[in-house]
Amino acid sequence: MDYWNHNVHYQPVILESVPPGCGVALDVGCGDGMLACKLAARCAEVTGIDRDTRMITLARERAKASALANVEFVEADFRGYPLNEDTFDFVCANTSLHHMDFAAALTELARVLRPGGHLAIVGLAADKSAGDRIVGATGIPAVLFYRMTRRKAGPGGVPIMDPEMSWREVRATAQRILPGVRYRRHLMWRYSLRWRKPA
Ligand SMILES: C[S@@+](CC[C@H](N)C(=O)[O-])C[C@H]1O[C@@H](n2cnc3c(N)ncnc32)[C@H](O)[C@@H]1O
């Protein structure tokens, strides 16, 4: 069942980054599989990976309920999971990289992407300066509007944690590991990264 929350709100940033004719795609920290199932309409094959047993169970139920044959879910820790280099046409992660070592995760995402492939990430960062808090406060009216007009929901028991890296640290690390990456800070407390691996 679909629902609204901040992660879902920013799924279009990821979906709009899928290249036309996408072959194989990977969603890291896929949670209950809503995004992966949407990717299945745009990609030939989709793999969602999550280390949480309940999330993978929900994701498999979602794919089955939609009779999607081109999406599979792997219950595993992305860190150290054996994925071949230069494999995926599209790799994404929605609000999961702050659960991992960010630099190591970005390096691994870039490694498994095929040359010319596209990467799209939506993530959380921490307010560590007065400037960060001022920018964050500008999102409050939008957050209140959506809370009043949408039913904010999500699967119970989804693993969450607070981000440790600041927006500035996220941006600098991404620019170091993914030269030419497009970083954007969004109104409702998310950043996005979009990058194409050099062909
Ligand atoms: C905040 S949830 C986001 C879930 C989903 N992407 C969404 O947008 O609703 C973060 C997810 O990342 C998963 N996760 C965290 N660290 C992971 C790791 N090392 N390997 C695989 N999954 C991980 C958690 O189990 C959780 O489902």
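Tabulated values for the structure
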item: Spans of helices (runs of 4 or more DSSP H) in segment 34-140 with at least 1 residues more than 24 Å from VAL158 (Cβ to Cβ) and not basic (Lys, Arg); result: 102-112, 130-137
item: PHE78 away from the ligand (no atom under 15 Å from the Cβ), touching a residue at least 12 places away in the same chain (Cβ under 8 Å) and surrounded by 14 or more Cβ atoms within 10 Å (Cβ to Cβ); result: no
item: Pick from segment 1-33, criterion in a helix (DSSP H, G or I) and of a type in the set (A, V, I, L, M), ranking: surrounded by the most Cβ atoms within 10 Å (Cβ to Cβ); result: ILE14
item: Any hit, segment 144-156, residues being closer than 23 Å to GLY80 by Cα and either of a type in the set (Phe, Trp, Tyr) or in contact with a Ser or Thr (Cβ under 6 Å, 6 or more places away or on another chain) (or both); result: no
item: Enumeration of residues in segment 8-33 that are acidic (Asp, Glu) and within 23 Å of PRO159 (Cα to Cα); result: ASP27, ASP32
item: Segment 141-188: number of residues that are within 16 Å of the ligand (Cβ to nearest atom) and in a strand (DSSP E or B); result: 2
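One line per residue, one yes/no per condition, for (1) surrounded by fewer than 18 Cβ atoms within 10 Å (Cβ to Cβ); (2) modelled with pLDDT of 90 or more; (3) over 24 Å from ASP89 (Cβ atoms):
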| site | (1), (2), (3) |
| --- | --- |
| ALA126 | yes, yes, yes |
| ARG147 | yes, no, yes |
| TRP167 | no, yes, yes |
| GLN175 | yes, yes, no |
| ARG182 | yes, yes, no |
| LEU187 | yes, yes, yes |
| TRP195 | no, yes, no |
| ALA199 | yes, yes, no |
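The values are calculated or read from the model by the stated rules, or taken from the named source; none is laboratory data. It should be emphasised that the depicted structure is a prediction, and the values quoted were computed from it without experimental measurement. Quick reminder, even Gly has a Cβ in these numbers, built from the backbone with ideal geometry, and neighbours come from all protein chains shown.
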